[in-house]
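Peer 1: Just dropping this structure here.
The values are calculated or read from the model by the stated rules, or taken from the named source; none is laboratory data. If you're wondering where the values come from, they're calculated on a predicted model, not measured in any experiment. Surface areas here come from the heavy atoms of the whole protein model, side chains and all, with no ligands, DNA or RNA. Shrake-Rupley method; radii C 1.70, N 1.55, O 1.52, S 1.80 Å.
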Amino acid sequence: MNNGIRVIAFYLPQFHPVPENDKWWGKGFTEWTNVGKAKALFKGHYQPRVPADLGYYDLRVPETREAQAKMARDYGIEGFCYWHYWFGNGKRLLERPFNEVLASGKPDFPFCLAWANESWRGLDHGLKNRKVLIEQLYPGIEDYKRHFYEVLPAFQDRRYITVEGKPIFMIYKPLASEEVKLFIKVWRELAIENGLKGIYFIGHCNELKYSVQQVLNVGVDAVNPVRITNYLKNYRPKFFRIRDYVKRQFFGVPTTYPYKLISKHFLNAIEDSKDNVFPSVVTGWDHTPRSGKDGLVLSHFTPDAFSLHLQQVFSTIEKKSDEHKIVFLKSWNEWAEGNYIEPDLKYGLSFLDILKSFIM
């Protein structure tokens, strides 16, 4: 089967030590630290998760990056969308893996970038407090220009993924600041000045207080909605809300719902069928390795449940033009969020096999 579906997988570059992580969490910290210390918090809780074929890898190793790309290609994924961290005033984090991919020309596998324009807080990343570790800033035009020229070599690379001949650039929080509108304007002008056809901006949207139209109004070309918490915020009965609070506060049990129930709310058939809306494929969720009892667990994430989800997602995009038959797979390797499709000891290649059966 080759139905023209373009699957682009989010790729987390956290799996290598950096000085900032050493300072905040201790020497040698990587995301594997959270993954390795995870514990089952209730009967049947699938933790810890143990990687299989690729092992506990270090993304500084070229052979690891090659193996990931080969696996992704073999199972029908078009390319990786690397999370890209620019906090303002030239401050970057976790840039080494992608910089080495760009400089070396290897792996020969398509890619694009997603700007994770968000402050880092301790609780979100495995600490017990809500302290801001590093703040996302929007210093102004000169910084936006500097940012553009840092990214320009990637845009000019033949591997870079495009739509309408324009390199894709995703913004994680397009409504985080009014400055984002100026950022987009500056980059569009610089793209033309530097021989590009433009930039194809995609606004990520995982906050229910914003609609797809509100994201489009910022000036992006398309929207990637993620609706993991839609059921909890909009459809969960009050009794369940109270029950979840009691279980969390008094028994240390995180909020837990079956993946098959929650996944029904990941999609909006009317919105997601539009050419400028790229839906998400969600590869499970369990944030407890970072957040403990405060995490959300989507239980019973099985190959059968994933197959049903894929069928629902792909049916919403089948009538789109080929270039816009894009879905973002969330994610390739977010292990500490239980949000990955790389093989683990329990399921092996099962989820990749199912994905391949739909798109190849």
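Peer 1: Taking N as the number of residues in segment 45-197, what is its Cα Rg relative to 2.2 N^0.38 Å?
Peer 2: 1.16
Peer 1: With all protein chains present, how much of the accessible area of segment 193-322 (probe radius 1.4 Å) comes from carbon and sulfur, to the nearest whole percent?
Peer 2: Here carbon and sulfur together make up 52 percent of the probe-accessible area.
Peer 1: Next up: For the chain, what's the relative contact order in percent, using C-alpha pairs closer than 8 Å and at least 6 residues apart?
Peer 2: Reported as a whole number, the value is 21 percent.
Peer 1: Sticking with this one: How much accessible area per residue does the chain have, counting only protein heavy atoms and a probe of 1.4 Å, in square angstrom?
Peer 2: 43 Å²
Peer 1: Out of residues 5 or more away from Cys205 or on other chains, whose amide H comes under 5 Å of its own, with H placed 1.01 Å from N in the peptide plane?
Peer 2: Residues meeting the amide H criterion: Asn224, Val226.
Peer 1: How long are the semi-axes of the equivalent ellipsoid of segment 145-248, defined as square roots of 5 times the Cα gyration tensor eigenvalues? Whole Å, largest first.
Peer 2: 36, 13, 12
Peer 1: From the Cα gyration tensor of segment 201-360, with a ≥ b ≥ c the square roots of its eigenvalues, which class applies: rounded if a/c is under 1.5, or else prolate if a/b is larger than b/c, or else oblate?
Peer 2: Taking the square roots of the gyration eigenvalues as a ≥ b ≥ c, segment 201-360 is oblate.
Peer 1: Find the Cα radius of gyration of the chain, compare it with 2.2 N^0.38 Å by division, and give the number to two decimals.
Peer 2: Rounded to two decimals, the normalised Rg is 0.96.
Peer 1: Distance from the Cα centre of segment 1-65 to that of segment 86-113, in angstrom?
Peer 2: First find each Cα centre; the distance between them is then 17 Å.
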